[in-house]
Structure formats: C-alpha cells, structure tokens
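S.K.: Next up is a structure, given as structure tokens.
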Amino acid sequence: MHQMTLAEIARGLADKKFSSEELTKVLLARISQLDPQLNSFISLTEELALDQAKAADARRANGESGALLGAPIAHKDLFCTQGIRTSCGSKMLDNFKAPYDATVVAKLAAAGAVTLGKTNMDEFAMGSANESSWYGAVKNPWNLEHVPGGSSGGSAAAVAARLLPAATATDTGGSIRQPAAFTNLTGLKPTYGRVSRWGMIAYASSLDQGGPLARTAEDCAIMLQGMAGFDQNDSTSIDEPVPDYSASLNESLQGLRIGVPKEYFSAGLDPRIAELIQNSIKELQKLGAVIKEISLPNMQHAIPAYYVIAPAEASSNLSRFDGVRFGHRCENPENLIDLYKRSRGEGFGPEVQRRIMVGAYALSAGYYDAYYLKAQKIRRLVKNDFMTAFNEVDIILGPTTPNPAWKLGAKNSDPVAAYLEDVYTITANLAGLPGLSMPAGFVDGLPVGVQLLAPYFQEGRLLNVAHQYQLNTDWHTRTPTGF
C-alpha cells in the first residue's frame, strides 16, 4: 500500500480494494518503524488520523466520493491545527497548541483527507537544509548522511521514504521546490495569493506561500485542488476562480514555447546537473515544445534583495514571540526587559536570531533607504524581467538547485553558502510567480530537479508540462533503497 500514489489511493478507495482505516493503520505502523532514522515528523496524530479515516469510510459508504476522501497526508508544522502542537520547529512554540485550524488544514479536512501528523522543518521556515529545527536535523532518505533540503525537509523526506503519499509545505524562497529536487519529488509553489496563508505561521508575509509536495504532478494537482481558493480571512488571498487542475493534465505540449534563461547556466551550476537539464529539454522537445533562449538580467541581484526583504519581514513577524502571551517564557524574570531578552534568547535558535538581527538592522533609521527600499526596487526589476520574458514564452525552464544535496553539517559554518543554493528559486517568490520542481535524474546517487516557472495563476500549465514529462520518463518512480 505504501508504494501507491495519491491518485492510485483514490482509485483503490473508490473501488473498495481497501478502506481508509486499513491504509491509515499501515502507514502509521510504517512511520513508527522507519521515521526514527529520518526524523521527518515532530508529532504523530494517530487518534485523530484513525477517527478521520473512519469518518471518511463512512462518507464513502453513504455515496460520497472525492480524490482526497480518505487519503492520508501530513502537514508541515507551521500550519495551525486545533488542539495539536504547532511548533514551527522551534523551542519557542514547543508548548503551543493552536486554538483553531489554518484554512489549508480545514479545507483538506473538509475534503476528507486524513492527517497522520505534523512534519519537521527548519525553525520558523528559515533554512535550506532542515538543520535548524529545535527537534534535530531531518535526514535525506536517498542518503542518510545528506540533507533533504529545507525548510520543508520533513514533508519531503516523509513522502520520499513512502511514509505517506503527499504532504503540505510552504515556500518562501524555494522551500517546496528545493527539497523536492533533493528528494526526487514533485513540488509546487502556487501563485502568491492562490492558497490562503491564514493560520500559517508567518516567516516573510509577502513571500510565503503554501503548496503540495508529492511524488507526481498528478498528485500535486489533486492536493492543490483541495488547498487553493479565496479566503476572506487572508487579506492577501486572491479572489480568482480555481480551475480543475486534473482536467488539463493531458493537454498536448505541441507548440509550447519554453524559455531557457542564459543566466541559469553560469559557473556556479554543477555541470552534471546542467547535462540533466539539457536532457529534460530534449524530452520536452520530443513532445512538441519549442525551446528559446531568454535573459533574466536582474537575477544576479535576487539573493541580496531577498536576504534583506525576508529578514526584515521576519524581524517584524517574530516580534510577537515575547514570552508574554504564548510560547516559551523564561523562568523567574527580574523585570519586563529581562523577560523579553531571555525568553527570546532561549526560545529562538541561532539562524532565527541571525535573520532577526539582519532584518532589524535593514529597517533601522539611517539604513532603511540604503537596504530595504533598494531591495524592493530590485524586486520590481526582477518581476519586470519575468513579465518581459513571458511575452515571448509560455514557461521558463532551468535547474531547481545549482548542486545536489550536501552532507549534513557541511555548510553550518558558512550560512551564506547555504543561501546561495536558493539562487534559482528565490526569483519566483520575489515576483509572486508559480513554480514547480520535478525529478530529472541523479548525480552521485542523489536526486536532481528541473524547475518550471509560469505566468500568474498558470499552475495548471506547470502541472500539465510536468505530467506529460513524467508519462515519458521514469525518474519520479525511483524509490530510495531501504524504503
């Protein structure tokens, strides 16, 4: 059962080959057996999962249907879940039980999805390796000595290891697409505003976006269908109709114009990954796509702009965690200032503290214009580059990451080296565009991803291209040894 995709599970449940309760018990047992070597879960919700599975089976018995009805999933541990710990991978929120469900959680539960637990993540979603979690690093199932990517590494590792078919994740600068590439999954970052952020603990509010991680584009289409939609509780949610993403999966790619930015193939890209990307381009050409070289001239400025904007927003968002109302509180504070200092110093880890300090500095008097305002101007230039490019092409293709997954601890002494791994993914967040990573091959036994970007609200186009590619390749079917 654990080898089935979300789509296969939906068909099996519809054909009464097994029940949701049976499947849930199998996967919960598998998580208990295998997750200790991965550390992909922070919390398991066995009782809730079995209750939801029984309810889903009853709904099917009464004639209801749906691709997610009875399907087991997990949530990244920054989606609030009522009565269940929502830690954000931080000591600061280790004791926090959310009093309500995030919109994404509520929507998927209404569709009948079964929540198996909450997955590990970089603390407050800050990281590219899933090593900053207070609950310990997550291991990559393809090689337990390597990182799974971050910040959604727990979701990625769990799905890649076949502990469950799909999971929710979030993407602020590549945190869905990069771990998808590192673990041989398909990961989709929707258009900013397509998926509600209400109840999703914020890192950088103008960049964060929830999305799915799964093994196939078909499964991502099913997950996105359940997650997407307008939410009046979220002021950044876009009131745009949600199409049937599964209906467009089998459209022809004949005549599709694919742009390949020349800036992507610079000296920083591992030549073995470059070769795999070229192979992917050839596969899409066989399916009728037309390739055109394009330019994104301001891409080189994206990382410095991002690492001003994101920490600035983080310093503001995380100011609420002060030891007063909820979260970690230091013992026996001498006064209010001592309470603030020690609660935050004890509750936040080094990476979070680093980004708060950078953000506070960038927003401080005398530096706002020099750093934050200039970064926002670069953000506009990055968006303009994409708008110009999409006048000529339908999608943009390139590598998801410049290198395969690195060894655990290899970049801990040099945070900037880890930041540079986001060079291809960050631009989509700055511009608010949808992006997808899909499996494209292996380097030294480690997975590699190819990234697709599309105009606003064209998630269906990305899923269509990825699905057609996956019908003609088998990279996404490979399973890590031992899982």
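This table checks each residue for (1) in a helix (DSSP H, G or I); (2) open to solvent by 10 Å² or more (accessible area, probe 1.4 Å); (3) aliphatic (A, V, I, L, M).
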residue: E275; (1), (2), (3): yes, yes, no
residue: G323; (1), (2), (3): no, no, no
residue: F326; (1), (2), (3): no, yes, no
residue: I337; (1), (2), (3): yes, yes, yes
residue: G345; (1), (2), (3): yes, yes, no
residue: I356; (1), (2), (3): yes, yes, yes
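S.K.: Report, by residue number, each residue of region 288-298 that is surrounded by 20 or more Cβ atoms within 10 Å (Cβ to Cβ) and more than 15 Å from I277 (Cβ to Cβ).
M.R.: L296, N298
S.K.: If you take the residues of region 15-25 that are open to solvent by 60 Å² or more (accessible area, probe 1.4 Å) and assigned to a helix (DSSP H, G or I), which of them is farthest from D57 (Cα to Cα)? Give the steps one after another, and end with the answer.
M.R.: Restricting attention to region 15-25, the residues satisfying the condition of being open to solvent by 60 Å² or more (accessible area, probe 1.4 Å) are 15-17, 22, 25.
Keeping just the survivors that are assigned to a helix (DSSP H, G or I) gives 22, 25.
Values: E22: 10, K25: 13 Å.
This residue is K25.
S.K.: Still on this structure, please answer the following. May I ask you to list the residues in region 305-321 that are open to solvent by 20 Å² or more (accessible area, probe 1.4 Å) and either farther than 22 Å from S87 by Cα or assigned to a loop (DSSP other than H, G, I, E, B) (or both)?
M.R.: Y307, V308
S.K.: Which residues, counting only those in region 322-344, are at pLDDT 95 or above and under 31 Å from the mean Cα position of the chain (by Cα)?
M.R.: If the condition is that a residue be at pLDDT 95 or above and under 31 Å from the mean Cα position of the chain (by Cα), then H328, R329, S343, R344 are the ones that fit.
S.K.: Collect the residues in region 253-268 that are open to solvent by less than 60 Å² (accessible area, probe 1.4 Å), touching a helix residue (DSSP H, G or I) at 6+ places or on another chain (Cβ under 9 Å) and within 26 Å of H467 (Cα to Cα), keeping them in residue-number order.
M.R.: At the first step, the residues of region 253-268 found to be open to solvent by less than 60 Å² (accessible area, probe 1.4 Å) are 253, 255-256, 258-261, 263-264, 268.
After this cut, where a residue has to be touching a helix residue (DSSP H, G or I) at 6+ places or on another chain (Cβ under 9 Å) as well, the list is 253, 256, 258-261, 263-264, 268.
L253, L256, I258, G259, V260, P261, Y264, listed by residue number.
S.K.: If a residue has to be hydroxyl-bearing (S, T, Y), closer than 26 Å to N95 by Cβ and in contact (Cβ under 8 Å) with a residue 40 or more places away in the chain to count, how many in region 295-342 make the cut?
M.R.: Going residue by residue through region 295-342, those that are hydroxyl-bearing (S, T, Y) are 295, 306-307, 315-316, 319, 340.
Imposing the further condition that a residue be closer than 26 Å to N95 by Cβ reduces the set to 315-316, 319, 340.
If we keep only those that are in contact (Cβ under 8 Å) with a residue 40 or more places away in the chain as well, we get 315-316.
Of the residues in that region, 2 qualify.
S.K.: Among the listed residues P241, P271, identify the single one that is farther than 29 Å from V195 by Cβ, without any contact (Cβ under 8 Å) to a residue 60 or more places away in the chain and either over 21 Å from the mean Cα position of the chain (by Cα) or crowded, with 18+ Cβ neighbours inside 10 Å (or both).
M.R.: P271
S.K.: Next up: Only one residue in D77, D101 is touching a residue at least 24 places away in the same chain (Cβ under 8 Å), among the charged types (D, E, K, R) and farther than 30 Å from K341 by Cα. Which one?
M.R.: When all the criteria are applied, what remains is D101.
S.K.: Can you confirm whether region 168-191 contains a residue that is among the charged types (D, E, K, R), touching a residue at least 60 places away in the same chain (Cβ under 8 Å) and farther than 23 Å from V382 by Cα?
M.R.: Checked region 168-191: no residue is among the charged types (D, E, K, R), touching a residue at least 60 places away in the same chain (Cβ under 8 Å) and farther than 23 Å from V382 by Cα.
Here is a yes/no grid of residues against (1) on the phi > 0 side of the Ramachandran plot; (2) open to solvent by less than 30 Å² (accessible area, probe 1.4 Å):
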{"residue": "K107", "(1), (2)": "no, no"}
{"residue": "A111", "(1), (2)": "no, no"}
{"residue": "L116", "(1), (2)": "no, yes"}
{"residue": "M121", "(1), (2)": "no, yes"}
{"residue": "A125", "(1), (2)": "yes, yes"}
{"residue": "W134", "(1), (2)": "no, no"}
{"residue": "K139", "(1), (2)": "no, no"}
{"residue": "N143", "(1), (2)": "no, no"}
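S.K.: A217 is checked against (1) within 22 Å of K189 (Cβ to Cβ); (2) of a type in the set (A, V, I, L, M, F, W, C); (3) surrounded by 14 or more Cβ atoms within 10 Å (Cβ to Cβ); (4) out of contact with any His (no Cβ under 6 Å at 6 or more places or on another chain) and fails just one. What number does that condition carry?
M.R.: (4)
The values are calculated or read from the model by the stated rules, or taken from the named source; none is laboratory data. Quick caveat: nothing in here was measured; it's all calculated off a predicted structure. Positions of Cβ are generated from backbone atoms using ideal geometry, with glycine treated the same way; all protein chains shown enter the neighbour counts. What goes into the accessible areas is simple: the full protein's heavy atoms, side chains included, and nothing from ligands, DNA or RNA. Shrake-Rupley method; radii C 1.70, N 1.55, O 1.52, S 1.80 Å.
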